[in-house]
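The values are calculated or read from the model by the stated rules, or taken from the named source; none is laboratory data. Here the structure is a predicted model, which is why all the values come from computation and not from measurement. FYI the Cβ positions are ideal-geometry reconstructions off the backbone, even for glycines, and counts take in every protein chain you see.
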Ligand code: GNR
Ligand code: NI
């Protein structure tokens, strides 16, 4: 197992579009366990492969308090989305920035597990929001790109300031 390096916004590699996984081999299983370890260590409630510069459709999520309910989604597809949620979101790739984004409250996805078995998952609330946040990463989209141009500009200015102060 290994803790992987998480790309930080603004990094152009966060905008790459992830490819579907075609072979469910040992290297996929290694990626999933490394991603899970990276997410737990961060700590975060989700991680998309895009954030660790692997542009394959792989997501890990655990919204449980005990951190014992890992969900692995390979090649996820949304079957159904309904309702409205506005949970405050953060992102390991945009540290220190928190914003509510309009998301569906309930989500039904179809995906494969790390062994290549297909399943469907129905979720709501934080889990549903987190899956939508991670699926955005796979499309090369970071959560702040849901905000208005003005808000994004302010966030970019704050990030630049944070970077100057940490330098
Ligand atoms: O750790 C995370 N917390 C979070 C909170 C609300 C909505 C989404 C998230 S995902 C985030 C980890 C991350 O950046 N995943 O891509
Ligand atoms: Ni994120």
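For region 93-122, filtered to residues that are within 17 Å of residue 146 (Cα to Cα) and touching a strand residue (DSSP E or B) at 6+ places or on another chain (Cβ under 7 Å), the residue that is farthest from ligand 2 (Cβ to nearest atom) is 105. Residues in region 85-98 that are part of a loop (DSSP other than H, G, I, E, B) and closer than 14 Å to residue 133 by Cα: 8 in all. Applying the set (1) out of contact with any strand residue (DSSP E or B) (no Cβ under 7 Å at 6 or more places or on another chain); (2) at pLDDT 95 or above; (3) surrounded by fewer than 13 Cβ atoms within 10 Å (Cβ to Cβ) to residue 167 leaves exactly one unmet item: (2).
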